[in-house]
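S.K.: Okay, handing you the structure first.
The values are calculated or read from the model by the stated rules, or taken from the named source; none is laboratory data. The shown structure was predicted, so the numbers you read here are calculated from the model rather than taken from an experiment. Don't worry about glycine lacking a Cβ; one is built from the backbone with ideal geometry, like all the others, and counts go over all protein chains shown.
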Amino acid sequence: MTNSVHILYFAWLREKIGTTDEALAVPDDVASVRDLMAWLARRSPGHAAAFENAACVRCAIDQDFVSADAAIASAREIAFFPPVTGG
Amino acid sequence: MLRVRVQTEDFNVGVELARLGDTSAGGIASFIGLVRAGEPPARRVVALTLEHYPAMTQKALERIAGEAQSRWPLSGCIIIHRAGRLLAGEQIVLAAAASPHRAAALQAVAFLMDWLKTSAPFWKLEEFADGGRAWVAARAEDTTAQSAWTR
């Protein structure tokens with residue numbers, strides 16, 4: 001079983017990965033945001049560079065901020081980005 | 001009255017504040033954020049590009065404004081945040097609050113800005129006079145300021 005998820009990247013993650021978003025079939029054993037970052041890091045050298053320091057990456061599931069421990073099971077849209085710098 | 005907008009175009013502070021006042025407001029407090037060129041020896045910033053997460057931004061701003069309204073007796077609240085490329089000196093953000101009493105309005109605006117810095121999905125890319133560019137790093141002081149409002 002796999003779970004198709006829309007994944008978005010912003011700011012320097014988008015630049016390192018080279019795309020704004022991708023639809024991916026995520027294996028069931030990828031359960032948390034932390035697992036997903038490790039799985040994504042294996043996709044390409046750009047992904048590896050983006051997720052090299054996972055502590056610097058923030059995440060939102062279905063447009064709400066979540067921690068790296070959050071479960072991704074029911075997620076439709078998962079976004080990865082650096083700590084925000086608006087205002 | 002709660003008004004939250006993300007836009008590429010500039011905003012007119014006078015027009016926005018005039019729309020916020022009504023007979024129940026004893027005062028309006030506001031903050032306007034600008035693109036800072038910086039002082040030597042730092043590299044001079046010529047422009048900023050503000051990237052954001054459109055599907056999330058409106059929701060996040062409404063949540064921040066709603067939180068301010070739940071904490072203070074506000075008769076009105078505005079957040080306008082620009083996105084896209086802005087030159088040094090341009091307006092980035094307007095946060096304003098109207099209330100029967102000034103303390104509530106002033107505190108609410110400080111709260112809105114502290115929360116915008118840490119809870120709205122925007123990212124700033126600086127362009128320097130020497131041709132370089134760099135993503136602005138988040139500041140620990142901003143997180144500390146936001147945490148101070150935690151009840």
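Rundown of residues vs (1) closer than 20 Å to B:Met56 by Cβ; (2) aliphatic (A, V, I, L, M); (3) modelled with pLDDT of 95 or more, yes/no style:
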{"position": "A:Thr2", "(1), (2), (3)": "no, no, no"}
{"position": "A:Ile7", "(1), (2), (3)": "yes, yes, yes"}
{"position": "A:Phe10", "(1), (2), (3)": "yes, no, yes"}
{"position": "A:Leu13", "(1), (2), (3)": "yes, yes, yes"}
{"position": "A:Ala23", "(1), (2), (3)": "yes, yes, yes"}
{"position": "A:Val30", "(1), (2), (3)": "no, yes, yes"}
{"position": "A:Pro45", "(1), (2), (3)": "no, no, yes"}
{"position": "A:Val57", "(1), (2), (3)": "yes, yes, yes"}
{"position": "A:Ala71", "(1), (2), (3)": "yes, yes, yes"}
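S.K.: Restricting to segment B:79-94, name every residue that is within 14 Å of chain A (Cβ to nearest Cβ) and either on the phi > 0 side of the Ramachandran plot or not aliphatic (A, V, I, L, M) (or both).
M.R.: Matches in segment B:79-94: B:His81, B:Arg82, B:Gly84, B:Gln91.
S.K.: Let me spell it out: the conditions are (1) among the aliphatic types (A, V, I, L, M); (2) touching a strand residue (DSSP E or B) at 6+ places or on another chain (Cβ under 6 Å); (3) part of a helix (DSSP H, G or I), and B:Ala145 meets all of them except one. Which number is the exception?
M.R.: Failed condition: (2).
Conditions tested, residue by residue: (1) more than 30 Å from A:Ala11 (Cα to Cα); (2) among the acidic types (Asp, Glu); (3) crowded, with 22+ Cβ neighbours inside 10 Å.
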position: B:Ala68; (1), (2), (3): no, no, yes
position: B:Trp72; (1), (2), (3): yes, no, no
position: B:Cys77; (1), (2), (3): no, no, yes
position: B:Glu90; (1), (2), (3): no, yes, no
position: B:Ala95; (1), (2), (3): no, no, yes
position: B:Ala98; (1), (2), (3): yes, no, yes
position: B:Arg102; (1), (2), (3): yes, no, no
position: B:Ala110; (1), (2), (3): no, no, no
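S.K.: Does segment A:17-27 contain at least one residue that is aliphatic (A, V, I, L, M) and under 26 Å from B:Arg139 (Cβ atoms)?
M.R.: yes
S.K.: Under 7 Å by Cβ, and 6 or more places apart or on different chains, what pairs join a residue from segment A:73-87 that is more than 7 Å from chain B (Cβ to nearest Cβ) and more than 14 Å from A:Cys59 (Cα to Cα) with one that is among the charged types (D, E, K, R) and assigned to a strand (DSSP E or B)?
M.R.: If the second residue must be among the charged types (D, E, K, R) and assigned to a strand (DSSP E or B), no pairs are left.
S.K.: Shifting gears a bit: Suppose the filter is under 12 Å from the mean Cα position of the chain (by Cα), more than 14 Å from chain B (Cβ to nearest Cβ) and assigned to a loop (DSSP other than H, G, I, E, B); does A:Ala23 pass it?
M.R.: Considered against the rule, which asks whether it is under 12 Å from the mean Cα position of the chain (by Cα), more than 14 Å from chain B (Cβ to nearest Cβ) and assigned to a loop (DSSP other than H, G, I, E, B), A:Ala23 comes out as no.
S.K.: Which pairs do you get when a residue that is more than 10 Å from every other protein chain (Cβ to nearest Cβ) and farther than 27 Å from B:Val35 by Cα, found in segment B:50-78, comes within reach of a residue that is hydroxyl-bearing (Ser, Thr, Tyr) and surrounded by fewer than 15 Cβ atoms within 10 Å (Cβ to Cβ), reach meaning Cβ atoms under 8 angstrom, with the pair 6+ apart or on two chains?
M.R.: B:Ser75/B:Ser24
S.K.: Applying the selection to segment B:112-150, what residues are among the charged types (D, E, K, R), in contact (Cβ under 8 Å) with a residue 60 or more places away in the chain and over 22 Å from A:Arg14 (Cβ atoms)? Can you show your working first?
M.R.: So the first thing to find is which residues in segment B:112-150 are among the charged types (D, E, K, R), and the list is B:114, B:117, B:124, B:126-127, B:130, B:133, B:139, B:141-142.
Still in the list and also in contact (Cβ under 8 Å) with a residue 60 or more places away in the chain: B:124, B:126-127, B:130.
If the condition is that a residue be among the charged types (D, E, K, R), in contact (Cβ under 8 Å) with a residue 60 or more places away in the chain and over 22 Å from A:Arg14 (Cβ atoms), then B:Asp130 is the only one that fits.
S.K.: Determine which member of the set B:Thr143, B:Thr150 is touching a helix residue (DSSP H, G or I) at 6+ places or on another chain (Cβ under 7 Å), at pLDDT below 95 and farther than 20 Å from B:Val13 by Cβ. Please lay out each step first, then the result.
M.R.: Details: B:Thr150 fails: touching a helix residue (DSSP H, G or I) at 6+ places or on another chain (Cβ under 7 Å).
Exactly one of B:Thr143, B:Thr150 is touching a helix residue (DSSP H, G or I) at 6+ places or on another chain (Cβ under 7 Å), at pLDDT below 95 and farther than 20 Å from B:Val13 by Cβ, namely B:Thr143.
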